[in-house]
Each structure stands twice: as structure tokens, then as C-alpha cells.
Amino acid sequence: MYLYSLTLQRATGAVCAVIGSFSGRDSKKSAFTQEIAVARGSTLDLLRPDPETGRLRTLLSVDVFGAIRSLAQFRLTGANKDYLVVGSDSGRLVILEYSPDRNRLDKVHQETFGKSGCRRIVPGQLLAVDPKGRALCIAALEKQKLVYVLNRDAAARLTISSPLEAHKSNTLTFALAALDCGFDNPVFAAIELEYAESDRDPTGQAANQAQKLLTFYELDLGLNHVSRKVSEPIDNGANLLVTVPGGGDGPSGVLVCCDNFVLYRNQGHPEIRAVIPRRADLPAERGVLIVAAATHKQKSMFFFLLQTEYGDIFKVDLDHSGDTVSELRIKYFDTIPVTSAVCVLRSGFLFAASEFGNHALYQFRDIGRDADVESSSATLMETEEGFQPVFFQPRALKNLMRIDEIESLMPVMDMRVANLFDEETPQLFTACGRGPRSTLRILRPGLAISEMARSMLPAEPIAVWTVKKNINDMFDAYIVVSFTNVTLVLSIGETIEEVSDSQFLDTTHSLAVTLLGEDSLMQVHPNGIRHIREDGRVNEWRTPGKKTITKVGSNRLQVVIALSGGELIYFEMDMTGQLMEVEKQDMSGDVACLAIAPVPEGRQRSRFLAVGSYDNTIRILSLDPDDCLQPLSVQSVSSAPESLLFLEVQASIGGEDGADYPANLFLNAGLQNGVLFRTNVDMVTGQLSDTRSRFLGLRPPKLFPCIVSHRQAMLCLSSRPWLGYIHQGHFLLTPLSCDTVESAASFSSDQCSEGVVAVAGDALRIFTIERLGETFNETAIPLRYTPRKFVILPKKKYIAVIESDKGAFSAEEREAAKKECLEASGAAENGNANNGDPMENGDGQEDGAEVGNTFPDEQYGYPKAESERWVSCIRILDPRSRDTTCLLELQENEAAVSICTVNFHDKEHGTLLAVGTAKGLQFWPRRTLAGGFIHVYKFVDEGRALELLHKTQVEEVPLALCQFQGRLLAGVGSVLRLYDLGKRKLLRKCENKLFPRTIVSIHTYRDRIYVGDMQESFHYCKYRRDENQLYIFADDSVPRWLTAAQHIDFDTMAGADKFGNIYFARLPQDISDEIEEDPTGGKIKWEQGKLNGAPNKVEEIVQFHVGDVVTCLQKASLIPGGGECLIYGTVMGSVGALLAFTSREDVDFFSHLEMHLRQEHPPLCGRDHMAYRSAYFPVKDVIDGDLCEQYPSLPADMQRKIADELDRTPGEILKKLEDIRNKII
Amino acid sequence: MGAGGACAGAVTGAGSMFAIRNLMPVLAYVYMHNKGARHVAAESRLREKELSKKHEINKRLALSSDASHSNSGNPRTGVKPTSIKEKPLIEETRRAILEAQSSRFNDFKGKKVSHDSKWTTTTSSFDSSVAPSDVPMELSTGNTGLREWNCKGESFAGNQTQDKLFSDRQTEVRKRQEQELRFTASGWKRDGHGRWYRDENVEFDSDEDDPNVCLS
């Protein structure tokens, strides 16, 4: 089995983010061009906020084929551009430079320092750069620290020295920062812990007394040597260092963030300590940790924003005179969701890369100058019990205002692919997020649209056009809508209203409406052409005899009409602005469609006319005066063409949004069998080459030109609309997420510069297309707690979700606490009886809207309970209406862990819902629990609600449930058990206790049971009815920490482990046959066993390192009628697919392409591609489509070189890449 | 044994006169060595094991031949040859019935061999017939006897009543087998006398059917 791996949705979570002026080019014009570099696991994104629209735009997204662990930016003194330093698992330090002209990141330096991988002694986890850009330090979690000196040569190019070592054995490093000491020797500070003694002392006394140290390392630039200068004890809760500006701008030194405190430290400076204010409702046992920090520095002042693990942001100020700090103040600023990185932009924005859930862009309304809860080092009180805490109550946003949001699926907890909405393509249902930010997201392949207006029309229109009055106008003047026998003209202004003074003929239907020349309009109707001049004169051309016009093709200066019977008449606009008949030609039969290529710049006319005929051909005719209407080339197609469109791609030499490509002319044809046919037209000879076709839908695609991001694009209207456009240098054809559209045209007005006007049914719709370049658009339904698993109830198409959280209060308790709080504060009872309504989804937002005193939990998080408390619920959700029809909150510290539907045979209840729960589950210091249960619910109220049938106690956590032969299979700890439904509880019928650790997944097929063990991969079992026995006949010899499993076929299972690998385990065919043929089912052999396990071993036939923890696997097809592929979702919020190759040729082609790309285009962060994909097991029989898809971004000569090696043309390779992608999505 | 083999290999491998001269004593040593207590014990163990294996195989062969005998002799009971091999008592009863029947269908018994050859027993078709797990088992067991009987049935031509009786019995036996299977699957076991008792590791509902009553 050979597979093609392709990431459909790149990771959406963020590991770290830095801000810098990476493009640097606008530094003279305005000093505010800043970009944000965001590391999302193995992709590196460059984002730029648009100050006008207030939206974040992705400039660049690169797959680096390695795990990015840290990022830092620096600038050489006097330079106007920042470099980006990447610490990764490659064992190399990489310095990147962004080139805005070509929109790519270039590797400036790549320094190898040692082993690769994310190990504790491999540097890369911690990174600090001297604020003056003279040195950088890259450190590992343990022992190793390397310092590189940065400089520049005579040509102002960045140079890097060989590394200086600052290693110290038996030392853990928690944080690293570079001190700002102006132009003195660079100094790095680190929080360290020496563990040598603790390691040697078996009594544990030394470990208890272990002391964290704040160590300063000085790089002596003169001696080229790093010395460990000072090492001072520091609070044992210290976890983060923040550089304090120095060198004239501030006192230098570092802020040390500790559990509950922030300290100011510097060499030879006394410690200044202030307490971090606590939320009033926080249990006393919980501390407050700082998780993210940002510094904002202006010429005259600086401050820090520190975010706690609960999401509260504090502004930290230092009072200093010279190098002496007198006071440290911590003031409550605002509360936003917990982030993994915060970036403050000079243009007054704050980018919050959320830990889980959507990222956000905020705008500063104030910088916290108003009075608020504040703690200060000056007022710090020490009592016998410790330091006096300061309390505050979170409030609504005051200093920040959210202006944009970037969707993030992180983490995908569970996923199902199903077509619950009966749409053309199935939807991906993903359970995402964590805690109060949990959501169920419905992903649909395609671009999202946002509707701006919709108005009903008196009848069903057949076509729509927009026209400008003058070619130089910014916006369109009219929308012309044609019905079967009338034409309606709407004028675009402040409002859109019907007009009658436009001179368009309104008593007949129209075939085309367009701007002709500079400023005249043309309407083509069945009986003639109406030419409306700018001064109001109307020229009318009538068809000869009883003939009518059937088809029209036109551009700015040329018009071709086809009359009934197959006669073509060609008109051209002359110098005086008159439309003149030039040539006539009789075609052999009726004309199916016509199109004229756009007039090339600086030319009088276009040379090409495309004519589609019912004999399944497309002809290119010349429009040159010499050989007017003479055929240039002919292309036969699979079905009669219905619509034609020339799309001109102007030459590009990179730029912000593109790669280099020459000017090109493409002819697109929508065929009657629903296929879009695309071919390249030679701009000189008119010869057609490089044809591609793609099935778009059941209706023949109608093609319309439109404008997307200032470029020509194409709308293809089949049974659903598609958009063909160019994004980051690639031509993409993507469906739009909207209903069938009859006709469409581009739309530009004051309110909406780039929109589409469309007619669908009897409605006129105006919409814009959003988030270009994305594969999926999503709809989110908020949930109450972290979703763990869900099942789709097939008959009713409802979704049953189990949610649970640790250390939180249940909804009722929170409600009661809120009420108490309100009463205590004397607020009038506002009598909202539905406050505690358990039917709402997220239960935060609605409340927040209703009650002024409470805030959405999504933003503020839940009030924290004791860490051992669990809250959990079971929810039935109707995805169509997005309503929760039933929500059962579990009581008594129970948490739901598994769910399945089961249909017991012989029993009257029909389909039941089984939910496995654990009571009082604790993970630390070791896993304990009070008991496990399997709840059985029956559906009432037509499947909308649940009723508990009974509850069966089990001795371990039932992590896996599955229906099997009319009974319930449960994995209870390490026991596989078969249950039947009893009157009062589930009846244990049969069990097998021979599983090694804990059963986490059960799949069944025929009489086989495929059991996934938490640590020991798959076990294949059989159930013998005549002996009432479950036995294991095969297992895996590789220990795998299973995180996801999916049944592939009778002998094959797909699994994913927690180290980020996907593998396929297959029982060899002969063994499988043997087992099936053996009347004992291999029982005799089973009794023997092999390697302390089952007698037979499965083979791992596929190995692939995804680089991210895969949490769910599903076999599904994302395109109608397409082959099935394996879809996976990951913790970092990415969605990918593995497609099985069907031909050996393709395997050879793609493996060669992959090999060439590995050589010619090594990954950006320095990790060897092969080594990355083989991080744990050598990659086997999987071709990395993400690497292959980097082919179009190579320079043209490189593309040609690789194509030559493969005996193909670059066009063929691109076509292959496109084809295989189209097979998946 | 292994050590002896290794020694002999080494001696022949040397190939010199000296080696040949010394061959005899070595062989003698080996012979004596192999007479040692541990070797003798191991050998006897091995023999015992082989004997028991042979015994087991013989038993199984006998059983399976019985089963095939009953299958070929009587297609009505031959639904699932594997399911009846370890139950000698039932087997005996069954054989008695079989004999009784075969005495009535003499002409049929004569055709045994030819019928035998017409079993279509491909595992794949067997596999595909087993319903997926979410289908109630009744359905799937209804199809388990996919080993189709391809006999054209010339011998029964004209014997309508016999035919009817035959098929009635067939369904009856099948039904009973299915019932028995259901009881075993829900945790009932049989003692040496064919009586049903509850498996102590299995849980039962208070009002569950007793096979001793149902099947008697």
C-alpha cells in the first residue's frame, strides 16, 4: 500500500510568536510596518495587520518540516530590517530573512551544533538575542548553552561566529533572556536549577532543598569568551524572565515572574518584589503564574504586559532613576483568553496567539492610565502567613477592543466526516478547544462568503450583469437583471434602486450588457444590438430577416454574435466610437457558446475568438484583419461546451502575493457533463496545449469573470459555485459555501469594493468572498466543557457529545455563585429565570449579554474549583438548528470518558446510548479512581432527549465502548468485556483479561474485534459464540502509545501514536487465511503464544511521522464519488489526509519528485526532510504531498531541471499535483 | 542432542587423519553423554509430548471424520461441522438419529461420495456471509450455513413427502442449534450429562430462560 499524505488544513494553533519589522522596506515612509512571525508546530506564518481594515492578513505560510520550538528576532545596529532566528528540532540554528519582493523567507545562516530531535540536551528550546543584535544564545533544557556572535561584513551582510560554549552539567534551565546593557558586553540571564546533589541523595532531602538560581552569563566581545558571572538564589517558583530596557532607556536588568510574584532583579541591585493580584474567587491553594509577556517601548516610556494562566493581563511599570529601581507596580489591565504569546505592535494593536481556540487581534483604547486594582512593591506587606495578597474582580474590556479573530481548531479532540446536511460534499464535524472555549465546529470544504444584501425580485431572473458608465470609474453604475421577457435596470448609489432612464431596452430579455469603448454601453438582445453612446444617442443594429441572436461574445472593443442557424457576425469599434460590422462567417451548425479574449494592453484588438459547437469541439478563430474568422486551432472535448471564458494572467515578478510567472492566456470551458475544461492558449499562434479538466457538479458550469484581490478571477456556476483565482502564485479552484447560483457578475461599490452580485431563485444577492486560500470554512457551536468524544446518531442525524473538565464548577454551582455574588453586591434581582437554563450551548455568551455583571466564560474562563473536582455533561445536539436538545450534567464527581450507540438484540429499547464514566479520577501522584460506570440511556422524545436506563459499576475506567453482535463490548482498564443488557444493569457475559495495559479503542468487523491498547498497539481478537470466549489471535510487536485508531479493512488497522506517527498494521494474508480456515480459529496456536503475546504478529506496512499528535482518524471521502482516504485531525488543529495510490506509475512519479525536492529544496528550518518524516520509525510507503506541493514555489529553472530529470514538463508536473489534490478534496 | 551434533560437526569439519583416528572415542563419548540422566529425561519428555500430540491429532481426526461422516451422511445436521466436535454425548444422540434416518433414506446414503464433492466451502464466501457486528446475530446465523448444498436431488425426485419431512427436520435442527448457541453465548454451560448450568463468571438476569426447561 502506498499513500500520498497531504495536509488539508495547516496547523491553526500557535506555539510562539514574535514581532518584528521583517519586510523593513517601508521604514523610511513609515516606521510602523511590523509583521508577526507565528510558529504553528511545523509551519511558520508571517502575518501583517492591516491598519485600514483592522484585519490580520497572512503574508506567507511555509511548511518547514521540523518542529519549531522557539523564535526570536533581532536587528543589526543601524539596519532597518529584522532577521528571524528559529530554534527547532533540527540540531541547527537558522537565521531567516524575509524578502518582500519575492514573498519568501531565505535562509541566511544555518549553523549545525549537534544532535537533532526535541531532546532535553539539544539546544533550541530557549533562545535569547542581545537587544543590540550583537549576540544570541541558544539553550537546551539541560546543560547546553551556545552563544553566537553576530556581526556584519564589509558588504553589510550578516556574519555569524562559531559557537562559544556556556555549558554546565546537571543543570536545568527554565528561562533565558538577554539583558539590555546598551553597548557594554552582552549579558544573558537564565533561571537554572542544579540537580546533581538531588540526584545523588536517596533520602530526597537534597531534592527538597534544591534552590533555583538566577545566573548571568557575560559574553566578553574582546576576549571572545563567555563567562558565568553571577549566580544568585531566586524564588523557587520562578518560571519566566522578561528583559527590562536599558542602555539609557531604562534601568536594565530582568523581571523574574514567579508563582504569585513579579520580581525585579539586576546584577548588584536589591530585589524588588510585588505580588500579582489574585482573582477574588480563586481557591487559596492555587497560585498565579505568568504565562506570556510583552514589552512595549517608546522613546520616553516603557511598560510590560504580563498575562497570568487565568487570562488576566497586568501592566507592570517600574519607577526608576538611572539604574536604580525604586518601585514595581502591577496593575490590572484587562482579561483575554490565555495566550501562548502576546505581541504589542507599535501601530496600537495587540496580537494574542491563544493557547486554545481562536486567536485575536485587539486594538488599544487606552494603556491603563485609569485607576484600577494595583499592587506595588512599596505597599507589599509581609505577615506571618506570608505576603498579603491583593484581590481584584475581572471586568469587561476597558483598555483593549477586539477587532479581528483568526480561527483555530486547536486542539481537535475528535472528528467525524458525515453528510448530515445532505449537501454535495460531506462535512467535517470536529470537537475542538478546551474548557470554556470548547466548540463543535462544522467544516465544509470551500470558501466562506459573507452576504452583504439580499433582495427579492418579482420573478426568477436568468442573468445578471454589472456595468460601469466610464472605464475610469471606480465603481459600477448599473446592475442589469434579465428575466425571460423583460430586463430590469438597477442603479447603484447609496441604495440600489430601479431606474428607467438608462436607455436600456426593457421590453425584451438581454443576452449581454457591457461597457464598450471608453464610455458607451451595449445591450445585446435577441433581435439586435443596442449601442448607447455617452451623450445619450442610441444606435440600434437589427438582425437580418427572422433570425435572432443566440450567443454573444465581447470585450471592450470587439463583439461577435451568433445568429440562429450558425452564422457568426463580427463587429469592431472604430475610431469614432461606432460599432462596425467587419466580417461574416457561416458555421456548419448552431453555435453553443462564444468568447473573445480580453484586449491585450496597448493593442487595438484581441486576436482570439473561441467558438464552442454542439459537435463537441471548441475552435479558436482569428480576429486579425488578415485572416478574419479563420480557424487557428480546434480542440475536441468530451461533451458539448456550454460556456467559454478567456482568463488572462498578467506577468508577475513576485510581489506580496505571488511568485514569478509569465503572462498567460487560459481558455476555460464549462461542458455539458459538468466538467470544467481548462487549456492554455499560445498567445502568438492560438494553439491549445496543457489541457486540464475537473468535474465541478451535475449542472454544466457557467463561467463569469470577476475580480478577486485586484486580479482577474473566474466564477464557475455548476450545482454549486466555484471560484478560480490566483493565490500566492497558485491557481486555485475552490467551491464557495453557498447554494446554487444561476448567474453572477462582479460587483464594486462604495460599501463593497470587491463583491459578487448573483441571482439565485428569485433573489438578488450581493456577497463578498472571504479568507482566500483556505480549504475549509467553519461554523462553530459553543460547548460547555472540553469535548472528549462524540457520536453521530445516524437516524435522526443528531450528535451526542461528552464533555468534561477537571478543576471547574458545574453550571448550577456557577449559577448559584453568580446569584450569591449579585445578592451580596446588593444588585437587584433581574429575574432572569432562564439564566440557569441548561439548554443553552456555551452558557456564557448569552448570560453575558443578558446580565451586565457577569462576563462570558469564553473570555474570562471558569471560576476555578479544587483541582480534584470533575464536571462533565452529555449533550444531544441538533447540528442543523445548532440547538442543544438535551444536556445531562453528571453528578458526584463523575466524568464521561467514552460513548457509543448500541442496539442490543432481543431487547425492546432499540438504539441506546452507552456512556463510560470515571468517578473521582486522579492522575497525580498516581492514577486512582473511586469507580467506573457504564451508563445506558434510552432516547426519548424522538431522539432529542435521554433517559437513564441503568448504570453499571465497573472496577476500572471504561475508556472504550463498542457495539458487537447485538451486545456491548467494553474496554474496562485492561479487560475486554462483553455485556448484554439486563433489567437492572449490564450483564457481564464474557471477558478477556490478557491485554497488557489499558484498552483505549475497540473496532469490530464481522467476527473480529480490533482492540487498541494504550501502550501496546493493536490486538486482533475473535469471539467464539459456541464457547462464549474472547481470544487474542494476533498483536503488534512494536509498543505504540495509541492516540487514535481506525479500521481500514479485514486485516488492517490504522493507528496514530502520541509521538506523532501514523502507521498501518496488517495481518499477513496467509495468517489471516489460516485463522479463518482453522475450525478452532487458531485457538490451539493461541494457547502457545509468541514473544509474550499472541501467536501471530501484525506487520506495520506504513510508517509516517506527521510531527503532531494525531487525535482522531477517520476513513472517508471528501468529494462526491471519490475514493476514500484517511482523514486525521491533530492537537495543533490541523487536518490532513492520506490517499492510497491506485497505480504504480503514480507512485514512481511522486517518489521521484519527492526525492528531487528533498535534494533541491531542503526544508527551511534545517531539518532533513527524510529524517523528519522518519523521526521515530523509518518512513515507509508514504509520499509527502506537502513537500511535493512546494514544487510550484521553486524558481522556474529549478522546476525545469526537476521536470527534465523526470522526463516531463513543469506543466505536466503541476497537472499531476493538481490532479492528486483533486482526488482528495 | 544439540551438543552432540555440534561435536560431530566439528570432528568431520577438521577432516585430518588425526581427526579420523579420534573419531571413534569421540563418538563413544557422545554416545555415553547422551545416555546421561538429563538427556534420557528430556528424551522421554519429548516422546511423551509427541505421543500426546499424536493422540490429540488422532482424536481430532476421528472427531472430524465423524463430523464429516455425519455431514456427508446427513446434510440436515451438517450446517456447522465445527460446532459439534467436542460434545460426545450429543454426538452419540445425533449419530443415533442419523442412523435411524439413514436407514430410511437408503438410496440417499449411497450417493454420499458424490454429494461430498459438491460442498462449496470457500472461506471467503463464508466470511462475507457473516453479518457486520451491528446486525443482530439471528440474521447472520441464518446465513452461516452458506456451504451450499449443490445436489440436484435426483434421488428425491418424486418423493415429495419425504422431502418435506426432510426439510422440516432440517429447520428444526437448525433452530435447536441456534437456540443452544444462544444459551452458550449468554453464559450457559453443559456438564458431562448434557445438563445446562450457569457459568460462575457470567451474570444473568433474574428472569432469564433456563435451557434445561426450554430445550427439554
field: Within region A:220-316, GluC sites (Glu not before Pro) in DSSP loop having at most 10 other beta-carbon neighbours inside 10 Å
entry: A:Glu285
task: Using R₀ = 60 Å, calculate the FRET efficiency as 1/(1 + (r/R₀)^6) where r is the Cβ-Cβ separation of A:Glu285 and A:Asp739; round to 0.05.
output: 0.65
task: Can you figure out the FRET efficiency of B:Leu165 with A:Glu1124, using R₀ = 35 Å and their beta-carbon distance, to the nearest 0.05?
output: 0.10
query: Against the longest principal axis of chain A, how steep is helix A:1144-1160, in degrees 0 to 90 to the nearest 10, with axes from Cα atoms?
result: 70 degrees
- request: Would you please classify the overall shape of region A:197-242 from the alpha carbon gyration tensor, given that a ≥ b ≥ c denote the square roots of the eigenvalues, rounded means a/c under 1.5, and beyond that prolate means a/b larger than b/c while oblate covers the rest?
  value: oblate
- request: Tabulate in residue order the Karplus-calculated ³J(HN,Hα) for region A:952-964, using 6.51 cos²θ - 1.76 cosθ + 1.60 with θ = phi - 60°, rounded to whole Hz; enter x for Gly and Pro.
  value: 10, 7, 10, 8, 9, 6, x, 7, 9, 9, 7, 7, 8
Heavy-atom SASA rank of A:Tyr1005, B:Tyr31, A:Tyr798, A:Tyr195 (probe 1.4 Å, accessible area, largest first): B:Tyr31, A:Tyr1005, A:Tyr195, A:Tyr798
query: Using a cut-off of 30 Å between alpha-carbon atoms, which lysines can reach A:Lys81, once sequence neighbours fewer than 8 places away in the same chain are excluded?
result: A:Lys28, A:Lys29, A:Lys107, A:Lys132, A:Lys145, A:Lys297, A:Lys299, A:Lys315
field: Listed pairs A:Lys331/A:Lys864; A:Lys1090/B:Lys54; A:Lys919/B:Lys189 exceeding 29 Å between Cα atoms
entry: A:Lys919/B:Lys189
query: Which pairs break 31 Å Cα to Cα here: A:Lys951/A:Lys1097; A:Lys993/B:Lys53; A:Lys1058/A:Lys1223; A:Lys797/A:Lys907?
result: A:Lys951/A:Lys1097
field: Shape call, region A:1005-1110: gyration tensor on alpha carbons, a/c limit 1.5
entry: prolate
- request: Restrict the search to region A:559-655; then list the trypsin sites (Lys or Arg not before Pro) that DSSP places in a loop and that have at most 11 other Cβ atoms within 10 Å of their Cβ.
  value: A:Arg603
query: How big is region A:425-519 by the Kirkwood estimate over distinct Cα pairs, in Å?
result: 16.8 Å
- prompt: Any idea of B:Lys175's accessible area? Nearest 10 Å², probe 1.4 Å.
  reply: 150 Å²
query: If you place +1 on the Cβ of every Lys and Arg and -1 on the Cβ of every Asp and Glu, how big does the dipole about the Cα centre of chain A come out, in debye to the nearest 20?
result: 1600 debye
statement: Sorted by accessible surface (1.4 Å probe, heavy atoms of the protein chains only), largest first, A:Thr466, A:Thr740 come out as A:Thr740, A:Thr466
statement: In degrees, nearest 10, the alpha-carbon axis of helix A:1210-1224 is tilted away from the dominant principal axis of the alpha carbons of chain A by 70 degrees
Solvent-accessible area of B:Thr171 with every protein chain in place, 1.4 Å probe, in Å² to the nearest 10: 80 Å²
task: Pick out, in residue order, every one of the chymotrypsin sites (Phe, Trp or Tyr not before Pro) in region A:856-933 that is DSSP loop and has at most 11 other C-beta atoms within 10 Å; say none if there are none.
output: A:Phe923
statement: From most to least accessible, 1.4 Å probe, no ligand or DNA/RNA atoms counted, B:Lys35, A:Lys796 line up as B:Lys35, A:Lys796
message: Tell me which of A:Phe421, B:Ala41, A:Ala914 sits at the most positive position along the dipole axis of the protein assembly as shown, charges placed on C-beta atoms (Lys, Arg +1; Asp, Glu -1).
response: B:Ala41
task: Would you kindly state how much longer the chain becomes between A:Lys1215 and A:Ser1037 on full extension, computed as 0.36 nm times their sequence separation minus their alpha carbon distance, in nm to one decimal?
output: 60.0 nm
- request: Report the net charge of residues surrounding A:Ser564, where surrounding means a beta-carbon distance below 12 angstrom and charges are Lys +1, Arg +1, Asp -1, Glu -1.
  value: +1
statement: Under a 1.4 Å probe, counting only protein heavy atoms, A:Glu1160 has an accessible area in Å², nearest 10, of 50 Å²
- request: Report in % the part of the accessible area of the protein assembly as shown that belongs to carbon and sulfur, leaving out ligands and nucleic acids; probe 1.4 Å.
  value: 50 percent
task: Per residue of region A:683-695, in order, report the coupling 6.51 cos²θ - 1.76 cosθ + 1.60 (Karplus, θ = phi - 60°) as ³J(HN,Hα) in whole Hz, putting x for Gly and Pro.
output: 6, 9, 8, x, 6, 9, 8, 6, 8, 9, 9, 8, 7
- prompt: Using the Cα gyration tensor of the protein assembly as shown, with a ≥ b ≥ c the square roots of its eigenvalues, what is the shape: rounded (a/c below 1.5), prolate (a/b larger than b/c) or oblate (neither)?
  reply: oblate
query: A:Gly755: net charge of surrounding residues, Cβ under 13 Å, Lys/Arg +1, Asp/Glu -1, itself excluded?
result: -3
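The values are calculated or read from the model by the stated rules, or taken from the named source; none is laboratory data. None of these values were measured; they are calculated from a predicted model. Here the Cβ is made from the backbone with ideal geometry for all residues, glycine too, and neighbour counts use every protein chain on show. Only protein heavy atoms, including side chains, enter the accessible area calculation; ligands, DNA and RNA are left aside. Shrake-Rupley method; radii C 1.70, N 1.55, O 1.52, S 1.80 Å.
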